[in-house]
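Read through the structure below, which is laid out as structure tokens, and then see the notes.
The values are calculated or read from the model by the stated rules, or taken from the named source; none is laboratory data. None of these values were measured; they are calculated from a predicted model. Here the Cβ positions follow ideal geometry from the backbone for every residue, glycine too, while neighbour counts run over all protein chains shown.
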Amino acid sequence: MNPRKGFDLLYAALADRISTYLRRAFTIGADEIADVLHDSFLPWVEHPEKMKSVANPRAYLFSTAKYLAIRKKREQVHSTLEDDTHTGFSEHQTEKLDASMDMEKAMSQLSEEQREVVALKIWGDLTFDEIAEIQEVSLNTAASRYRYALQKLKEVL
């Protein structure tokens, strides 16, 4: 298969899911998500011959995005805010923001590992095998984290 066509298929299949995962699992903005997504796929464009050896491209891309997002989050924590201006929101935007904040608040009560497994499973649509590979834990541990996270979310929401 043509490497460009392979990349296009991979990007079409996973870009939205990875973006959603990043938005739900990490508190980084849209610009940072776009940067992380771009950087996650970059090796597939620059070195397609090297990427042929990747056994599970989906898990590889989610794992890459995870580590890049963590790095981006660390950069945010260490940087200072230069502009602290407030912008107005429409009523619809406020309602969406409130719902999003409720979910974010509930997710924030989960451990980092549980939050990640929920984001990978629900928004990333990954299997527990893939999640276990990304988190570097056993299949049972990944499934247990998900089960306990859902129980806690049900209690909170």
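Among helices (runs of 4 or more DSSP H) entirely within segment 81-157, having at least 2 residues that are modelled with pLDDT of 85 or more and loosely packed, with under 11 Cβ neighbours inside 10 Å singles out 139-156.
Quick one: would you say residue 57 is in contact (Cβ under 8 Å) with a residue 24 or more places away in the chain and over 22 Å from residue 125 (Cα atoms)? For residue 57, the condition - in contact (Cβ under 8 Å) with a residue 24 or more places away in the chain and over 22 Å from residue 125 (Cα atoms) - is not met.
Here 28, 18 are screened, and the one residue that is touching a residue at least 12 places away in the same chain (Cβ under 8 Å), surrounded by 15 or more Cβ atoms within 10 Å (Cβ to Cβ) and not in a helix (DSSP H, G or I) is 28.
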